[in-house]
Amino acid sequence: KQWYQRRVAITAGETNGPKLMEIDPSGTARGFYGCAVGKGKQNAKTEIEKLDLSNMTCKELVKEVAKVIYSVHDEVKDKHFELELSWIGKETGGTHQIVPQDIFNEAKTYAEEALNDSDDEDTDM
């Protein structure tokens with residue numbers, strides 16, 4: 001048999017606020033302010049750790065997460081991806097929801113512009 005190693009990220013609304021948990025292949029669960037799973041997760045985790053997550057609004061976090069996703073994606077090695085964003089918090093009444101289209105568009109534009117600015121800095125050298 002071939003075993004697949006999978007990580008799962010779970011969000012939940014609790015009485016004392018939303019929770020984010022990651023469960024690894026061994027069954028170990030850990031709580032996070034932000035985590036990443038899948039291809040490029042280590043680079044994404046590094047970028048997420050640089051953010052002051054506990055002092056940012058959900059709207060700010062959505063923009064930064066979109067930027068992280070774009071920044072760790074390698075256009076040469078990786079397949080095309082479609083950005084999908086969801087959230088849980090005060091803005092959603094504690095329920096997990098897809099990010100509203102206007103906020104999604106703002107985050108996607110922010111991420112793409114940051115990536116283009118980064119590419120411009122690389123070509124200037």
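The values are calculated or read from the model by the stated rules, or taken from the named source; none is laboratory data. None of the values given here were measured: they were computed from a predicted structure. Ideal geometry is used to build each Cβ from the backbone, glycine not excepted, and the neighbour counts take in all protein chains shown. Just so you know, the surface numbers come from the protein's heavy atoms only, side chains and all, with ligands and any DNA or RNA stripped out. Shrake-Rupley method; radii C 1.70, N 1.55, O 1.52, S 1.80 Å.
All conditions in (1) surrounded by fewer than 19 Cβ atoms within 10 Å (Cβ to Cβ); (2) under 17 Å from Val37 (Cβ atoms); (3) touching a strand residue (DSSP E or B) at 6+ places or on another chain (Cβ under 9 Å) hold for Phe81, with the sole exception of (3).
Of everything in the stretch 89-105 that is under 15 Å from the mean Cα position of the chain (by Cα) and open to solvent by 70 Å² or more (accessible area, probe 1.4 Å), the residue that is modelled with the highest pLDDT is Ile98. Using the structure shown, decide if Asn116 is exposed (fewer than 15 other Cβ atoms within 10 Å of the Cβ), at pLDDT 90 or above and not in a loop (DSSP other than H, G, I, E, B). So Asn116 does not fit the description; no. Kindly check whether there is at least one residue in the stretch 53-74 that is in contact (Cβ under 8 Å) with a residue 60 or more places away in the chain and surrounded by 12 or more Cβ atoms within 10 Å (Cβ to Cβ). Checked the stretch 53-74: no residue is in contact (Cβ under 8 Å) with a residue 60 or more places away in the chain and surrounded by 12 or more Cβ atoms within 10 Å (Cβ to Cβ). If the condition is being part of a strand (DSSP E or B) and without any contact (Cβ under 8 Å) to a residue 24 or more places away in the chain, then the stretch 87-103 contributes Gln97, Ile98. Of everything in the stretch 46-75, what is basic (Lys, Arg) and either under 9 Å from the mean Cα position of the chain (by Cα) or within 15 Å of Ala114 (Cβ to Cβ) (or both)? Give them in sequence order. Passing the criteria: Lys50, Lys63, Lys67. Restricting attention to the stretch 12-26, the residues being surrounded by 13 or more Cβ atoms within 10 Å (Cβ to Cβ) and at pLDDT 75 or above number 6. In the stretch 27-45, what residues are assigned to a helix (DSSP H, G or I) and open to solvent by 60 Å² or more (accessible area, probe 1.4 Å)? Lys41, Gln42, Asn43, listed by residue number.
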